[in-house]
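**Q** Before I ask anything, let me first share the structure, which is written out below as structure tokens.
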Amino acid sequence: MKKMFSLLLALMLLLPVFLTGCGSQSATVVRLNEVTHSVFYAPQYVAMSQGFFADEGLDVQLTNGGGADKVMTAVVSGQSDIGLCGPEASIYVHNQGKEDLPVVFAQLTRRDGSFLVGRTNTPFNWSDLKGATIIGGRAGGMPEMTLEYVMRKNGVEPGKDATVDTSVQFNMMAGAFTGGEGDYVALFEPTATEVERSGSGYILCSIGQESGEVPYTAYFANSSYLKSNADTVQRFTNALHRATVWVDTHTDREVAEAIADQFPDTSLDVLETVTARHRAIGAWNTALTMKPAALERLEEIMTEAGVLTKDEWVDFNTLVDNSFAENAK
């Protein structure tokens with residue numbers, strides 16, 4: 001009996017050692033701040049649900065910044081490690097002359113992900129916007145600037161032929177429109193589809209399809225973080241690459257099922273419809289690298305919007321580091 005007791009006592013004393021050995025090294029925490037929560041970022045949620053981040057030894061803690069300016073503030077201040085938003089936010093900071101500059105290391109989407117929603121289900125022509133008010137989002141943000149770029153491209157001058165309302169907060173745009181404000185609104189998914197299914201509006205066109213390829217949303221971090229955590233950033237990019245390939249090789253329904261936990265209030269049918277809509281316009285950037293020509297188009301859009309001058313265009317190699325995406329596996 002004494003021998004058995006002694007054996008049990010010895011095993012109990014060794015148990016913490018066994019557990020420590022079994023647990024091996026703890027996962028590396030990455031604080032990720034996204035500009036908004038949207039099916040537009042499906043590959044990111046796939047990387048989470050399919051365990052691709054976990055496979056790379058990462059514990060990704062996701063927060064919603066609610067706007068590119070807020071995401072940038074969180075990263076610059078050190079509250080977040082990595083941000084996901086439009087590269088325009090990084091361009092603004094570069095022109096402020098800060099020392100620890102934000103650097104883009106992976107581009108997730110290559111088109112505007114918003115859709116123009118109107119009040120009538122009739123064939124749409126951009127000339128229909130003349131004399132109308134469009135709820136467009138924050139002035140100087142990518143959704144608003146791309147909307148105005150497409151309007152000009154189609155012969156509608158913002159501020160002259162039509163009014164672009166920039167007073168409504170991003171997360172309040174759908175509510176403002178369904179509440180009676182504006183004639184049109186630019187909405188992300190799944191909100192656009194939900195508004196349409198409720199009978200409060202109709203999706204008329206893809207703004208991203210009209211604008212052409214633009215580095216719309218990308219991952220960035222402070223240059224100091226990239227240098228001191230290069231291995232972590234590479235593993236993060238590896239997981240994203242696996243996720244974009246997974247999305248490319250699976251059906252819309254399978255993608256919807258993979259991201260369903262991220263959108264508990266949205267039906268699988270809506271998620272499937274939205275995934276198909278994004279796939280149809282080639283929204284996702286599987287390679288994760290940014291092209292110089294695409295950045296030039298972004299800076300052209302910003303210049304036309306009056307928030308950037310030609311002299312303030314940022315050198316591609318200063319703003320972007322494609323090496324992580326190029327080495328992703």
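One line per residue, one yes/no per condition, for (1) in contact with a strand residue (DSSP E or B) (Cβ under 6 Å, 6 or more places away or on another chain); (2) crowded, with 17+ Cβ neighbours inside 10 Å; (3) not charged (D, E, K, R):
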site: 192; (1), (2), (3): yes, yes, yes
site: 197; (1), (2), (3): no, no, no
site: 214; (1), (2), (3): no, yes, yes
site: 217; (1), (2), (3): yes, yes, yes
site: 242; (1), (2), (3): no, yes, no
site: 251; (1), (2), (3): no, no, yes
site: 268; (1), (2), (3): no, no, yes
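**Q** Among residues belonging to the range 171-185 that are crowded, with 19+ Cβ neighbours inside 10 Å, over 23 Å from residue 256 (Cα atoms) and within 21 Å of the chain's Cα centre (by Cα), point out the one that is modelled with the lowest pLDDT.
**A** Applying the filter and picking the extreme gives 173.
**Q** Could you list all residues from the range 251-273 that are touching a residue at least 24 places away in the same chain (Cβ under 8 Å) and part of a helix (DSSP H, G or I)?
**A** 252, 255, 258, 259, 261, 262, 270, 271, 273 - these are the residues of the range 251-273 that are touching a residue at least 24 places away in the same chain (Cβ under 8 Å) and part of a helix (DSSP H, G or I).
**Q** If you don't mind, there's one more thing I want to ask. Kindly indicate the residue of the range 133-167 that is under 20 Å from the mean Cα position of the chain (by Cα) and assigned to a loop (DSSP other than H, G, I, E, B) and also surrounded by the most Cβ atoms within 10 Å (Cβ to Cβ) among those meeting that condition.
**A** Across the range 133-167, the extreme among qualifying residues is 136.
**Q** When you look at residue 80, is it of a type in the set (S, T, N, Q) and not in a helix (DSSP H, G or I), yes or no?
**A** Criteria met by residue 80.
**Q** Could you tell me how many of the residues in the range 274-309 are out of contact with any Lys or Arg (no Cβ under 9 Å at 6 or more places or on another chain), in a helix (DSSP H, G or I) and among the β-branched types (Val, Ile, Thr)?
**A** Adding up the residues that qualify gives 2.
**Q** State whether the residues of the range 99-110 include one that is outside any helix (DSSP H, G or I), surrounded by fewer than 24 Cβ atoms within 10 Å (Cβ to Cβ), modelled with pLDDT under 90 and in the same structural domain as residue 300 (by TED's automatic domain parsing).
**A** Looking for residues that are outside any helix (DSSP H, G or I), surrounded by fewer than 24 Cβ atoms within 10 Å (Cβ to Cβ), modelled with pLDDT under 90 and in the same structural domain as residue 300 (by TED's automatic domain parsing), one finds at least one in the range 99-110, hence yes.
**Q** Looking at the structure I just gave you, is residue 211 closer than 30 Å to residue 30 by Cβ, touching an Asp or Glu at 6+ places or on another chain (Cβ under 9 Å) and of a type in the set (S, T, N, Q)?
**A** So residue 211 does not fit the description; no.
The values are calculated or read from the model by the stated rules, or taken from the named source; none is laboratory data. Nothing here was measured: the structure is a model prediction, and the numbers come from that model. Glycine gets a Cβ as well: all are built from the backbone with ideal geometry, and neighbour counts include every protein chain shown.
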